[in-house]
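The structure appears right after this line, and notes come after that.
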């Protein structure tokens, strides 16, 4: 399961994210791959052609996470990787959320979808029927994995969310790289049965400066965090 952490404050939003995936599922590092979505920078999944984390020219971030028990594709379901692209075709947060809420959640396996700009963040839940439900994420620190946000019943959130809440922004890459045991609550998952943490990101959306995206093109305890060129 992937993880995303957001620290929402009056000055902007800090985002940390680890992508957990099949090691043999090929992908490309963040760039502008989609002519039909100009200004959208994202890593590209070579299997389905979508993405899990993206940033557009309006300073909006979008990320998609699987909910419990829904890893991978399913017959008759659309790829969830198209959702960040659809949302970031819009120019503001409310329009992006409305685009996701206009969709039939039954067309996709269940998901947590997060969108943010420098002032606000929204979670949309798709539960495989009806319209995705919308939740405003208020100021503070939020951690979302495969269930509900900040749900301390989930071992990964219980173990790591308080660390992100207390840590300065400069240490977030180090926190994302934590692969210490137990594996049941690890944030940076070591390779196991063909599955692992395959990349990581730290994104700063500032109310007073352009976005900054640092990307680790591999497990974040090994791969360095490098700036992503943004148009």
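The values are calculated or read from the model by the stated rules, or taken from the named source; none is laboratory data. Quick caveat, the model's predicted, so the values are computed rather than measured. Using ideal geometry, Cβ is built from the backbone for each residue, glycine included, and neighbour counts are taken over all protein chains shown.
Worth a mention:
- Just one of the listed residues (44, 78, 109, 67) is closer than 29 Å to residue 31 by Cβ, in contact with a helix residue (DSSP H, G or I) (Cβ under 6 Å, 6 or more places away or on another chain) and surrounded by 15 or more Cβ atoms within 10 Å (Cβ to Cβ), namely 78.
- Within the stretch 3-38, being within 17 Å of residue 116 (Cα to Cα), touching a strand residue (DSSP E or B) at 6+ places or on another chain (Cβ under 9 Å) and either part of a loop (DSSP other than H, G, I, E, B) or modelled with pLDDT under 95 (or both) holds for one residue alone: 11.
- Restricting the first member to the stretch 151-166 and to residues that are in contact (Cβ under 8 Å) with a residue 40 or more places away in the chain and at positive phi, and the second to residues that are assigned to a loop (DSSP other than H, G, I, E, B) and surrounded by 13 or more Cβ atoms within 10 Å (Cβ to Cβ), no beta-carbon pair is closer than 8 Å while six or more apart or on different chains.
- Residues (within 16 Å of residue 91 (Cα to Cα) and touching a helix residue (DSSP H, G or I) at 6+ places or on another chain (Cβ under 6 Å)) located in the stretch 10-41: 37, 40
- Selection from the stretch 47-64 of residues that are assigned to a loop (DSSP other than H, G, I, E, B), modelled with pLDDT of 95 or more and out of contact with any helix residue (DSSP H, G or I) (no Cβ under 7 Å at 6 or more places or on another chain): 57, 58, 59
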